[in-house]
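Step one of this worksheet: look at the structure below.
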Amino acid sequence: MASATDTAKAERPRRRSFWAWLPGSRLGRLIIVLNALGLFVLIGGALVQNELRRGLVNARIDSLTTQGELIATVIDRAATVGEPEPQMDAQVASEILSLLSNPRSQRARLFDAQGNLIADSYLVADRVEQRELPPARPRDERFNLRRALSPDPPEAGVARQALQQEVAEALRGGRPAGLRRAQGGERVVSVSIPIQHVKAVLGVLTLEASDVDEIIAAERANLIPFILIALAVTLTSSILLNNLIAQPVRRLSFAADRVRLSRARAISLPDLAERDDELGDLTRSLEDMTHSLSERMDAIERFAADVAHEIRNPLTSLRSAVETLDIAPDGPAKERLLAILKVDVQRLDRLVTDISNASRLDAELSREAPRRFDLAHLLADIAALYQAALKPGDPRVRLIAPEHLGEVMVMGREGPLAQVVRNLIDNARSFSPPGGEVRLSLTRAHGQAIVSVDDDGPGVPAENLETIFERFYTSRPKGAAFGVNSGLGLSIARQIVEAHSGRIWAENRKAADGQVAGARFRVALAEAAH
């Protein structure tokens, strides 16, 4: 039987979301998107700042290159002496450098053809390098005297080596430019331009701008708005996740506890049930589950009342027979009372057995996992068992199955479905005339396997075609043994079939003259997919 949850979900088709291409569930996609927003803001801000820094550094390099080419051209024109081997006049070149350089924002150095420093704008402008000294050490601490007396920090040697490599490359005709560390440890934008007379390299002009750290500090300051936006997005997403997920789950938990503690029959959260996501599915599933449990509890109460009523009848008969037995005279009267006692005891035994089977049915159905099996083979085995146990005068059971039918695979529990077929055959045999026949057949129709059980009895009154499947309903033909049937067989059969999402019904067979020729019970089960 299809669950109410599946039906409810089928009746609520989901709208396809814009984010449906993302992996995971609807809430999972929401969590991914909200948590990724803050990260995207930071990444975007970092990329923007990287482009900005790259642009600023490149602009600084272009500015220094333009200025350096101008100074180098002037030095080449005014400070070159000697023919045919030209040389650079160091004195004139130094004067030109002092006139054209701007030592307040940059540092210009001039090197000769051998890489020796011949002019420095810092020295010309009486500007000296400044750096903080390391903290004083205690008197009793031993240390390397040579390192302590060294005027340069350890990274100064690396900086000098980088400058020498840059000058050497320029002496070979190149024009190196980029970021490097100065002797003081700060980052500088450096450009080295060879001073050439025709093809001869007479020296190298190096320009350095030390405002890179200020540029980077400005970039970091520009990144602060992105950080604040990312934090705001993260906090907003956290609040949304709390309101959209955590709080509804908490409400569901409280509702479940309320059902458990106050013994309520159902969970009712309409606002959550209308949501089109997993929490809405969970709410609807919980509502359907508690509704099913409530119906099951009502069914158990009705079953208990029916059991009490059915057991009370034979007990009343037993009590009456036992009370009468003491005063009944010996002879036929006492024998009739003893016969009544035996029938009532047999009836009680039958009732207790069937009631026990009915009460264990749910547990048995949940214990055994459904599997694919051949329904035709199961029917053949059941028919063979009845034929082997056939007694004289009993209606025989004949299986009618077309040879071309082959395997009929269904998904279900073989034991309970076999019980359904046996209950239907036993019911048909009880209504068949002595020496009659019960016909068991199997057909296919519209993707379903249909089992039919036909008898040659009086049929079923039209008004009782549904009533016969109710619990404890019995309508025996004349002459049938009293107390042999409890009225639970067909009820159990319907319960098992509906648990397999199938259908069972009864109908009357008609003869050629339109008269009722017997009853027919049918069971329809979906065929299993290959």
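Residues that are over 19 Å from the mean Cα position of the chain (by Cα), farther than 17 Å from Arg260 by Cβ and in a helix (DSSP H, G or I) within the stretch 272-287 comprise Leu272, Ala273, listed in sequence order.
To keep it simple, each residue is scored yes or no on (1) surrounded by 20 or more Cβ atoms within 10 Å (Cβ to Cβ); (2) assigned by TED's automatic domain parsing to the domain that holds Gly447; (3) more than 12 Å from Asp455 (Cα to Cα); (4) in contact (Cβ under 8 Å) with a residue 40 or more places away in the chain.
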site: Glu507; (1), (2), (3), (4): no, yes, no, yes
site: Ala511; (1), (2), (3), (4): no, yes, yes, no
site: Gly514; (1), (2), (3), (4): no, yes, yes, no
site: Val523; (1), (2), (3), (4): yes, yes, yes, yes
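Scanning the stretch 154-186 for residues that are modelled with pLDDT under 80 and over 20 Å from Tyr122 (Cβ atoms) gives a single hit, Pro154. In the stretch 402-427, the residues that are within 17 Å of Ala383 (Cβ to Cβ) reach residues that are aromatic (Phe, Trp, Tyr) with C-beta atoms within less than 7 angstrom, at least six apart or across chains, in these pairs: Glu414/Phe373; Leu424/Phe521; Ile425/Tyr386.
Among the residues of the stretch 379-397, those identified as touching a Leu at 6+ places or on another chain (Cβ under 7 Å) and of a type outside the set (Gly, Ala, Ser) are Leu379, Arg396, Val397.
Filter the strands (runs of 3 or more DSSP E) completely within the stretch 361-467 down to those with at least 3 residues that are closer than 15 Å to Phe521 by Cα and in the same structural domain as Ser491 (by TED's automatic domain parsing). Give the derivation first.
Working: elements: 371-374, 396-400, 409-412, 437-445, 448-454.
Filter on the stretch 361-467 gives 396-400, 437-445, 448-454.
Output the residues belonging to the stretch 427-452 that are β-branched (Val, Ile, Thr) and within 44 Å of the chain's Cα centre (by Cα). Working first, answer last.
We begin by selecting, within the stretch 427-452, every residue β-branched (Val, Ile, Thr); these are 438, 443, 450-451.
If the condition is that a residue be β-branched (Val, Ile, Thr) and within 44 Å of the chain's Cα centre (by Cα), then Thr443, Ile450, Val451 are the ones that fit.
Within the stretch 204-231, can you find the residues that are surrounded by 13 or more Cβ atoms within 10 Å (Cβ to Cβ) and either part of a helix (DSSP H, G or I) or on the phi > 0 side of the Ramachandran plot (or both)? Steps first, please.
First pass over the stretch 204-231, keeping only residues surrounded by 13 or more Cβ atoms within 10 Å (Cβ to Cβ): 204-212, 215-216, 218-219, 222-223, 226-227, 229-231.
Across the stretch 204-231, the qualifying residues are Val212, Ile215, Ile216, Ala218, Glu219, Asn222, Leu223, Phe226, Ile227, Ile229, Ala230, Leu231.
Would it be correct to say that Arg284 is of a type in the set (D, E, K, R) and either more than 23 Å from Ile31 (Cα to Cα) or exposed (fewer than 13 other Cβ atoms within 10 Å of the Cβ) (or both)? Criteria not met by Arg284. When the stretch 233-252 is limited to residues that are under 18 Å from Asp288 (Cβ atoms) and not aliphatic (A, V, I, L, M), the one that is surrounded by the fewest Cβ atoms within 10 Å (Cβ to Cβ) turns out to be Arg251.
The values are calculated or read from the model by the stated rules, or taken from the named source; none is laboratory data. Small disclaimer: the values here were computed from a predicted structure and weren't measured. In this analysis, Cβ positions are derived from the backbone assuming ideal geometry, glycine residues included, and neighbour counts consider all displayed protein chains.
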